[in-house]
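Structure first, then comments.
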Amino acid sequence: MTVRVPEYERLSLGNGVALVLMPRRDVPLVTFNAVLRGGGSCDPASRPGVASLVAGLLEKGAGERDAYAFADVVEGVGGSFGAGAGAETINVRGQFLARDQQLMLELLADALLRPLLQEEELQELAARQVELIKAAKGSDPAELIGTYGRAFLFGQHPYGWPVFGSEASLTAIDREDVRRYYDGQFGAERLILVLAGDIDADLLARMAAESFSRWPRTCTPLPVLARPRPLRERRVLLVDFPESAQTYFWIGNVGVDKRYPRRAALDLVNTLFGGRFTSLLNTELRIRSGLSYGARSSFARGSVPGEFSLRSFAQTGNTGRALELALRTLDRLRSDGVTREMLDSARAYTLGQYPLGLETAADWAAMLAEIELYGLGRGYIDDYPAQLAAVGVAEAQAVIEEAFPRADSVAIVTIGDAARIEGALEGYGLVSHMALTDPEFSGGWASGDENRP
C-alpha cells in the first residue's frame, strides 16, 4: 500500500510560530498537535520533572477558566485535551467536532499563553505522580526499567533524566520552579502548531494569527544537546527488589538519531532482531527456551542519538541463563547478519504495519509535527516504501555495525532479588547497586564522566 503525505499548507508567523494546516474531509472532526521545543532537556539538572508538571498544569486551568471549568467545557462538547512532556518537547494534543474548532483554538491559546499554574493543582499533580511511581515499583517494575536504564547509560546527559521526575525531585519542585520554567521556555519561536481534519483552513489561520502573533519569543536560548558517547565496555546495575519472583532486565547502548540516513534498513533489521513476535530475540528467549514470556528491542531517536535497548524478564532462578542467551543472540546478529529471505519477510511485515499508523487526522497531525520538528521533509514519508524495497544484505550489515552494540559493550540493568541474582551478574562486568525503594533512578553512570554536561 502506498502512503503519501496529503496536501497541506505551512505558514510562519512573524514571531516564529510554525503553523501547519491539513484539511481532511473524511469525518467531521478536527485535531490539533501543538509541539513546544524544549521539554525535559530544559529541566534544571537537580529538578527533573518540572517540564512534565508544567505540561500537566496546562489542562488544569487557563484564561478565565479554573481546572474544573476548563475540563467541563472540553467534556461538554465531547472533545479531548491533554498535554505531556518528552525529553525534547512538550506536546499538547486534542480533538473536537468540526463545529467546535473555534472553541478548540481558544482553549489551546489560553493553555499555552495564559495557564493559571496554580499551587494547589501543582501539589496534586506532583503527589499523584509520586504515587504512580511507588505503585509501579510495588506491582510492575517493568514499567520503570527503561527509566533506570537511561539513567545508568546516559548519566547526567538530559536523556538520562527521568522526564516524569523521581520521588525525590517531585517532592522538591515548587511553584517557583514551574513559573521559572514557563517564563523561560515558553515562547513563539518554540511552537509548532498542526491543525488537521475537517477544518476551515482560512478561519483557523486567521484565528491562529490573532491568538499567537503577539506572543513574544523566549528569553532563553534552546539548549543544544551534546551527542552522547557510546559505552565501550560492559557495566551492570543491580536494582534490589527483595523476594521478587522475577528479574526484569534491560540491555542497551547509545544508538542513532532521528536523521540517521539508513532508517529503512534500521527498521528492517530491528524487526528481525526484536521487533515482532517471530524475531530472533523472542524466538530464543520465549519460543525455543521458554525462559521468558516476551523480549523486544527498539531504538529511541531524537535530535541526537538516543538508546538502543532490548528488554525482557525471567524467573529469578533463570536470570543468568536469560541474560546470557540475550547477549549471545545480539552477538549472533553481528556475526551472522541477515539473509535476503529474512529481509524480504521483514519488508512484507513492515509494509503491512506502516499504513496503519497513518490513517486518521490525528495520526497525520503527529507525523507532520515530527517532520517539522526534525526538519525531515515530505520524503520521510513519501520515499519510505521505495527505501524499504531497496534495502539489501550489504546495507543491512552496515546498519548492524553502525547502530547495534557489541554484546561486550553494553549497559545491563536488572531489577530483581539481589541476594539471589548477584552471583549470576558478577561475570558481566563491574556491578553497581541501588535499592528499588531509593527515591532516585540514578544509581551510577555507566559512561563515567563522558555524558556529564
### Task
With N set to the residue count of the stretch 103-189, report its C-alpha Rg divided by 2.2 N^0.38 Å to two decimal places.
1.31
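Work out the length of the dipole vector of the chain about its Cα centre, built from +1 on the beta-carbon of each Lys and Arg and -1 on the beta-carbon of each Asp and Glu, and round it to the nearest 20 debye. Before the final figure, lay out the partial values.
On the way: 47 positive and 59 negative charges, 254 e Å.
With Lys and Arg at +1 and Asp and Glu at -1, about 1220 debye.
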### Task
Taking the chain as the reference, fit the longest principal axis to its C-alpha atoms, fit the long axis of helix 67-76 to the helix C-alpha atoms, and give the angle between the two in degrees, 0 to 90, nearest 10.
80 degrees
### Task
Please work out the Cα center distance from the stretch 101-133 to the stretch 56-88, rounded to the nearest Å.
6 Å
### Task
Describe numerically, in nm with one decimal, the distance between label points set 7 Å from Cα along Cα→Cβ at GLU440 and at ARG175.
2.9 nm
## Note on the structure
Both in Å, the radius of gyration and Dmax of the C-alpha trace of the chain are 23.0, 67
## Note on the structure
With +1 at each Lys and Arg Cβ and -1 at each Asp and Glu Cβ, the charge dipole magnitude of the stretch 278-336 around its Cα centre, to the nearest 20 debye, comes out at 100 debye
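Rounded to the nearest whole Å³, what is the per residue volume of the convex hull around the Cα atoms of the stretch 244-309?
Details: hull volume 5.2 nm³, N = 66.
Once divided by residue count, the hull of the stretch 244-309 is 79 Å³.
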### Summary
Proxy exposure order for ILE400, ILE251 (fewest C-beta within 10 Å first) is ILE400, ILE251
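Using Cβ contacts closer than 10 Å as the measure, can you line up MET367, MET342 from fewest to most?
MET342, MET367
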### Query
Once both labels are modelled 7 Å past Cα along the beta-carbon direction, what's the GLU124-SER139 spacing in nm?
2.2 nm
### Message
Just the number: Rg to Rh for the stretch 9-212, Cα atoms, Kirkwood Rh, two decimals.
### Response
1.00
### Query
Which order do HIS433, HIS157 fall in if you start with the one that has the fewest other Cβ atoms within 10 Å?
HIS433, HIS157
### Task
Using θ = phi - 60° and the Karplus relation 6.51 cos²θ - 1.76 cosθ + 1.60, list the HN-Hα couplings for the stretch 366-380 in order, rounded to whole Hz, with x at every Gly or Pro.
5, 5, 5, 5, 5, 4, 5, 4, 9, x, 8, x, 4, x, 4
### Query
In whole percent, what relative contact order does the stretch 235-435 give with Cα contacts below 8 Å and a gap of six or more residues?
44 percent
### Task
Pull up the cross-link candidates among the aspartates and glutamates for LYS137, meaning alpha carbon to alpha carbon under 18 Å and not fewer than 8 places away within one chain.
GLU167, ASP240, GLU243, ASP417, ASP438, GLU440
### Query
Can you give the % of DSSP beta bridges in the stretch 235-435 that are antiparallel, to the nearest 5?
60 percent
### Query
Which value, in debye to the nearest 20, gives the size of the charge dipole of the stretch 235-435 about its Cα centre, when Lys and Arg are +1 and Asp and Glu are -1 at the Cβ?
260 debye
### Query
What angle do you read, to the nearest 10 degrees and between 0 and 90, between the alpha-carbon axis of helix 319-336 and the longest principal axis of the chain?
80 degrees
### Task
Note down the nm distance, to one decimal, between modelled labels 7 Å out along Cα→Cβ at VAL77 and at ARG232.
5.8 nm
### Task
Work out from phi, with θ = phi - 60° and the Karplus expression 6.51 cos²θ - 1.76 cosθ + 1.60, the ³J(HN,Hα) of each residue of the stretch 394-408, listed in order in whole Hz, and give x for Gly and Pro.
5, 5, 4, 5, 4, 5, 4, 6, 7, 10, 8, x, 6, 5, 8
### Task
Go through the stretch 326-408 and name the GluC sites (Glu not before Pro) that are in a DSSP coil and have 12 or fewer other Cβ atoms within 10 Å of their Cβ.
GLU359
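Please give the peptides 69-78, 206-215 ranked by average Cβ packing (other Cβ atoms within 10 Å per residue), highest first, as a rough proxy for protection.
206-215, 69-78
Bear in mind that the values in this text are calculations on the coordinates, not laboratory data. Keep in mind that what you see is a predicted model, and the values were worked out from it rather than measured. Every residue, glycine among them, receives a Cβ derived from its backbone with ideal geometry; neighbour counts consider all protein chains shown.
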